[in-house]
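The values are calculated or read from the model by the stated rules, or taken from the named source; none is laboratory data. Just so it is clear, the structure is predicted and the values come from calculations on it, not from any experiment. Using ideal geometry, Cβ is built from the backbone for each residue, glycine included, and neighbour counts are taken over all protein chains shown.
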Amino acid sequence: MTELEEKIGYSFKDATLLETALTTPACRMDRPEVEDNQRLEFLGDAVFGLLSADAVFAAYPWEQEGPLTVRRTHLVSGAALAAAAERIGLGAFLKRNAGAAPLAPHAKVLADAMEAVMGAVWLDGGLEAARAVFDRLNLPIDEQLNEWGTNPKGHLQVMAQAMRPSRKPLYTVDSVKGPPHAPIVTVTVEVSGLGKATATAGSQRLAECAAATALLTDLKARKDAAKSADEGRGNVSR
């Protein structure tokens, strides 16, 4: 078993699959005849999608489609997969072009290679092998639902679209104060049936993100309070 196989906890029967998974497209600049990892990356993306959906479905049985979609997206985001690749030192095993610069932290090529390795595992060992590697990567499944920290507007939109009928967040600029080079922008976001929140920041984009975060935080607090109340009523009835 190679060092990388030990890190992911899987020994390949067909070693060429792993070799291909580690061959970045840039490697073909020097060796155009080699097969790069893009096809395996495509497959691995789908495998990660399946396993992450199964994982969050089992871990959060009380949540509905919207929040589960947010969790699944965050669990196998490019940043999460790049971080997992860095934890196992995947970058040291990649085949790149001669003279390539050192990989930047959280580089996309790391996330792509992580997906390619998962695609290779799926082809070589099937579902259970892929699931074992997935579990070993320690992806952030237990994080609190402030997953919206990197994209709160996107997460709020997913939640609104999951409602029946589907909704859309409405952002309104309440005011813009201060000089053009240092504005103070206040924005309110509202989703029919969910509520609204207001926030202020140094640009319209940041204010919209802050308002979406505020509404998501409020929704989570209300959900947690309702869950605690239900549990309390259950305890009294017993």
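As a summary of the residue check, ASN97 satisfies the conditions (1) surrounded by fewer than 19 Cβ atoms within 10 Å (Cβ to Cβ); (2) in contact (Cβ under 8 Å) with a residue 40 or more places away in the chain; (3) within 25 Å of ASP142 (Cα to Cα) except for the one numbered (3).
Here's the yes/no breakdown for (1) at pLDDT below 90; (2) part of a loop (DSSP other than H, G, I, E, B):
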position	(1), (2)
TYR10	no, yes
PHE48	no, no
ALA58	no, no
ARG71	yes, no
ALA113	no, no
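Among the residues of the stretch 86-109, the ones that are in contact with a helix residue (DSSP H, G or I) (Cβ under 7 Å, 6 or more places away or on another chain), among the aliphatic types (A, V, I, L, M) and within 28 Å of GLU33 (Cβ to Cβ) come to 5 in all. Annotation note: Cβ proximity below 7 Å between a residue of the stretch 174-197 that is free of Cβ contacts under 8 Å to residues at least 60 places away in the same chain and in the same structural domain as ALA214 (by TED's automatic domain parsing) and a residue that is of a type in the set (Asp, Glu) and surrounded by 10 or more Cβ atoms within 10 Å (Cβ to Cβ) (sequence gap 6+ or interchain) occurs for THR186/ASP174; VAL187/ASP174; VAL187/GLU208; THR188/ASP174; VAL189/GLU208; GLY195/ASP218; LYS196/GLU190; ALA197/ASP218. Scanning the stretch 211-225 for residues that are among the small types (Gly, Ala, Ser) and either without any contact (Cβ under 8 Å) to a residue 12 or more places away in the chain or not in a helix (DSSP H, G or I) (or both) yields a total of 2.
Restricting attention to the stretch 69-85, which residues are surrounded by fewer than 20 Cβ atoms within 10 Å (Cβ to Cβ) and farther than 18 Å from ASN37 by Cα? Passing the criteria: THR69, THR73, SER77, ALA79, ALA83. Each residue in the stretch 18-42 was checked for being surrounded by 20 or more Cβ atoms within 10 Å (Cβ to Cβ) and in a helix (DSSP H, G or I), and 6 of them qualify. Residues considered: VAL56, VAL34. Of these, the only one that is touching a helix residue (DSSP H, G or I) at 6+ places or on another chain (Cβ under 7 Å) and closer than 19 Å to VAL133 by Cα is VAL56.
The residue list ASP142, ASP124 contains one member that is in contact (Cβ under 8 Å) with a residue 60 or more places away in the chain, loosely packed, with under 14 Cβ neighbours inside 10 Å and either touching a strand residue (DSSP E or B) at 6+ places or on another chain (Cβ under 8 Å) or not aliphatic (A, V, I, L, M) (or both), which is ASP142. Taken over the stretch 1-35, the residue count meeting the criterion of being in contact with a Phe, Trp or Tyr (Cβ under 7 Å, 6 or more places away or on another chain) and of a type in the set (A, V, I, L, M) is 3.
So, in the stretch 164-184, exactly how many residues are modelled with pLDDT of 90 or more and surrounded by 14 or more Cβ atoms within 10 Å (Cβ to Cβ)? Here the count works out to 4. Checking the stated criteria, ALA15 turns out not to satisfy the condition of being without any contact (Cβ under 8 Å) to a residue 60 or more places away in the chain and surrounded by 15 or more Cβ atoms within 10 Å (Cβ to Cβ). So for the stretch 130-138 (the condition being farther than 19 Å from THR23 by Cβ, touching an Asp or Glu at 6+ places or on another chain (Cβ under 9 Å) and not in a helix (DSSP H, G or I)), does at least one residue qualify? The answer is no, given that none of the residues of the stretch 130-138 is farther than 19 Å from THR23 by Cβ, touching an Asp or Glu at 6+ places or on another chain (Cβ under 9 Å) and not in a helix (DSSP H, G or I).
Please specify each residue of the stretch 8-47 satisfying the condition of being hydroxyl-bearing (Ser, Thr, Tyr) and in contact with a strand residue (DSSP E or B) (Cβ under 9 Å, 6 or more places away or on another chain). Lay out the reasoning, then the answer.
Keep residues of the stretch 8-47 that are hydroxyl-bearing (Ser, Thr, Tyr), which gives 10-11, 16, 20, 23-24.
Residues satisfying the conditions are THR23, THR24.
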